[in-house]
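The values are calculated or read from the model by the stated rules, or taken from the named source; none is laboratory data. The model shown is predicted, which means the values in this text are computed figures rather than measured ones. Positions of Cβ are generated from backbone atoms using ideal geometry, with glycine treated the same way; all protein chains shown enter the neighbour counts.
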């Protein structure tokens with residue numbers, strides 16, 4: 001029996017029903033991505049790594065953990081952590097893309113480019129993103145320094161290269177410039193915009209930015225990722241493709257990568273190159289923001305539901321709400337754990 005006969009529903013009810021379904025799909029896919037797939041792929045990688053290194057095909061978790069915590073083997077090096085991140089994120093992305101396709105969502109379609117000027121738009125947006133990110137980072141650093149002086153530690157992400165081998169640098173480049181930008185943009189821009197934007201582009205931009213900020217799991221990166229995430233999503237909405245934000249993300253990650261390599265190799269030349277690039281791009285960014293601040297517009301279609309009703313429908317969607325609460329819990333837990 002069809003309990004929902006669409007012919008008996010008003011246009012408003014049909015739109016609300018469609019938004020609920022899409023928000024539920026989004027929440028389920030994000031839960032699968034970050035909780036289920038990520039957890040089991042991480043475990044699978046560590047077991048496979050152990051089997052390759054020892055030829056001992058065991059499922060004894062104690063033996064595997066003892067091997068991995070041994071500082072004398074490769075697992076303690078930066079090369080391993082970067083290889084681990086690359087393989088895990090790539091595998092999880094593939095699983096998510098397949099699952100999304102089974103649910104009727106074609107994630108690869110978000111890479112299609114209709115407007116050939118999207119690459120140019122991304123290159124222009126990158127300096128503006130860098131300016132915003134540096135302003136927010138400076139503010140956050142003052143806040144975290146204040147809390148540190150009060151005895152409260154705010155955890156931060158660490159991508160420094162402890163063992164500057166060729167493989168460590170290569171895997172970090174692969175992760176920060178290719179794997180992470182493509183995976184994060186397809187999930188937190190492509191997936192979110194694909195499912196929510198038909199019911200409100202501005203709503204989809206805010207939702208994607210909020211989830212992207214929370215996904216980083218630490219207070220230092222949250223605000224910067226949220227603000228920059230708004231710019232990423234707005235550019236993608238304008239060009240109807242996730243490719244611009246992938247380009248911006250890659251360029252954004254390239255600068256700290258250059259600094260990391262310079263610090264790891266103790267190279268003053270690389271460090272000088274980093275600061276010259278940084279300040280040059282920041283100057284361009286100020287000009288780009290001043291020129292485009294009031295001219296950039298998001299063309300929103302008319303909807304049966306009011307903006308408030310759409311926000312409420314998304315915010316109270318059970319799968320999406322559960323995932324959001326989980327991300328908030330992780331952020332709070334990281335702070336609590338760092339201060340034990």
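Descriptive notes on the structure:
- Scanning the range 163-181 for residues that are part of a helix (DSSP H, G or I) and surrounded by fewer than 21 Cβ atoms within 10 Å (Cβ to Cβ) yields a total of 10.
- Here residue 93 clears all of (1) under 17 Å from residue 192 (Cβ atoms); (2) out of contact with any helix residue (DSSP H, G or I) (no Cβ under 8 Å at 6 or more places or on another chain) except the condition numbered (2).
- Complete set of residues in the range 265-300 that are out of contact with any helix residue (DSSP H, G or I) (no Cβ under 7 Å at 6 or more places or on another chain) and under 30 Å from residue 82 (Cβ atoms): 265, 266, 267, 268, 269, 272, 275, 276, 279, 280
- Screening the range 213-315 for helices (runs of 4 or more DSSP H) wholly inside it with 3 or more residues that are under 23 Å from residue 195 (Cα atoms) returns the ranges 219-239, 243-265, 307-315.
- The range 123-138 - residue that is under 17 Å from the mean Cα position of the chain (by Cα) and under 14 Å from residue 277 (Cβ atoms) and, of those, surrounded by the most Cβ atoms within 10 Å (Cβ to Cβ): 126
- The range 109-122 - residue that is surrounded by fewer than 18 Cβ atoms within 10 Å (Cβ to Cβ) and modelled with pLDDT of 90 or more and, of those, nearest to residue 288 (Cα to Cα): 111
- Index of the failed condition, residue 184 passing every other in (1) buried (at least 21 other Cβ atoms within 10 Å of the Cβ); (2) in contact with a helix residue (DSSP H, G or I) (Cβ under 6 Å, 6 or more places away or on another chain); (3) at pLDDT 90 or above: (2)
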